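Each reported figure results from applying straightforward, stated rules to the coordinates on display, with no laboratory input. Remember, it's a predicted structure, so these values are computed and weren't measured experimentally. Neighbour counts run over all protein chains shown; Cβ positions are idealised from the backbone, glycine included.
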Amino acid sequence: MRPDRTTPCSELLAALADPAIDRIGASHVAVVVAHPDDETIACGAQLRRLDGASVIIVTDGAPRDLRDARRIGFAAAEDYAATREQELRTALAVAGVHSDRVTCLRVPDQGAALRLPQLSLALARLLAQRRIHTVITHAFEGGHPDHDATAFCVHAAAALARADGHTIGLIEAPFYRLGAHGIVRQEFAGLPHAGERVLHLTVKERALKRLMMAAHRTQRGVLAPFRINIERFRPTPAYDFARRPNGGRVLYERYPWGLDGTRWSRLVRAARGQLRLEDAPC
């Protein structure tokens with residue numbers, strides 16, 4: 001079902017779902033995701049079509065505990081982070097995204113939730129500078145703390161823009177979450193949303209996505225379980241980020257990533273207070 005009211009979000013979603021539209025003017029569109037490679041998972045096949053879109057990566061993809069870095073041969077987080085950024089730029093070049101449209105905020109991986117106010121303000125400034133009116137970002141799904149933190153900061157930046165009289169439409173993509181029987185990838189929680197679009201990728205689009213995934217060489221194992229035949233989007237619902245996501249099933253509580261649902265709620269409430277967004281839907 002298509003939303004009745006035409007908005008930048010509904011227009012962009014309709015254009016993405018139309019295989020006859022090869023190029024979409026997207027100089028006012030930003031893809032804002034947590035890690036290098038999240039852009040490929042979420043919308044790799046669409047980036048070639050999104051002409052002029054900005055890509056903003058929040059973290060450097062290099063956890064400071066060095067477990068991931070050492071597993072693939074890096075002794076220092078800085079070297080791992082530099083490699084991941086180069087992989088990102090290679091993947092985006094495959095999709096035709098010019099380097100001047102790419103911004104890396106380089107927050108330490110697994111640390112975005114500790115910087116919610118600062119990141120929200122930084123994103124608000126970036127979106128204003130680039131005159132962004134539509135953002136594609138993470139669903140709030142309790143999968144990875146950096147994903148949820150990025151989702152919050154995008155919503156907070158949009159709320160700050162509204163306070164200044166500017167509207168930013170938000171579109172989300174699913175990554176992974178905890179389901180009733182294990183990890184669920186690339187599916188939204190709950191009932192189908194009226195504006196949800198499931199894009200079944202063509203042979204050419206799957207080949208592009210496969211090349212982008214291959215560019216993220218250090219993440220081969222991480223990316224292997226994700227499907228390359230679909231990409232899924234919907235307008236973001238109104239979230240209360242202070243509540244536990246995904247009906248209370250928080251996947252990152254099962255991993256040593258320094259965050260649980262209770263601490264997450266405290267961080268969100270503190271950030272909303274600092275940003276003076278206590279009454280905003282974020």
**Complete:** Ranked by GNM mean-square fluctuation in the chain (Cα springs under 10 Å), the top entry among HIS133, HIS216, HIS166 is HIS166
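To the nearest 500 deg cm²/dmol, what mean residue ellipticity at 222 nm is calculated for the chain from DSSP H runs of n ≥ 4 alone, each contributing -39,500 (n - 2.57), summed and divided by the residues?
-11500 deg cm²/dmol
What ranking do ARG269, ARG249 get, fewest neighbouring Cβ atoms within 10 angstrom at the top?
Working: ARG269 13, ARG249 17.
By the 10 Å Cβ count, ascending: ARG269, ARG249.
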**Complete:** With x for Gly and Pro, the residue-by-residue ³J(HN,Hα) of region 46-52, computed from phi through the Karplus equation 6.51 cos²θ - 1.76 cosθ + 1.60 at θ = phi - 60° and given in whole Hz, is 8, 4, 4, 7, 7, 5, x
**Asked** ASN229 versus ALA75, label points 7 Å from Cα toward the beta carbon: distance in nm?
**Response** 4.6 nm
**Request:** Neighbouring Cβ atoms within 10 Å as the yardstick, rank PHE226, PHE152 fewest first.
**Result:** PHE226, PHE152
**Complete:** Which residues qualify? For VAL31, with a placed amide H closer than 5 Å and at least 5 residues away or on another chain, they are SER54, VAL55, ILE56, ILE136
**Asked** Once you have the alpha carbon radius of gyration of the chain, what is it after dividing by 2.2 N^0.38 Å, with N set to its residue count?
**Response** 0.93
**Item:** Sequence-distant residues sharing a close amide H with GLY169 (under 5 Å, placed H)
**Value:** THR134, VAL135
**Message:** What is the distance in Å between the Cα centroid of region 66-93 and that of region 218-239?
**Reply:** 20 Å
**Request:** Hey, for a label at ALA280 modelled as a point 7 Å past Cα toward Cβ, could you say which residues of region 158-187 have their backbone N under 13 Å away?
**Result:** 158-169
**Message:** Between GLN129 and ASP164, what is the label-point separation in nm under the 7 Å Cα-to-beta-carbon projection?
**Reply:** 1.2 nm
**Item:** Sequence of SER99, SER54 once ranked by neighbouring C-beta atoms within 10 Å, starting from the fewest
**Value:** SER99, SER54
**Item:** Euclidean distance of C-alpha centroids, region 6-65 and region 104-180, integer Å
**Value:** 13 Å
**Item:** Modelled FRET efficiency - R0 22 Å, ILE21 with HIS98, Cβ distances, 0.05 increments
**Value:** 0.60
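Expressed as a rounded percentage, what relative contact order does the chain have, with Cα pairs under 8 Å and six or more residues apart? The partial results should precede the final answer.
Numbers: 510 pairs, mean separation 61.5, N = 282.
Worked out over the chain, it gives 22 percent.
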**Item:** Karplus-derived HN-Hα couplings along region 261-278 (A = 6.51, B = -1.76, C = 1.60, θ = phi - 60°), whole Hz, x at Gly and Pro
**Value:** x, 5, 5, 4, 4, 5, 5, 5, 4, 5, 5, 4, x, 5, 8, 6, 10, 4
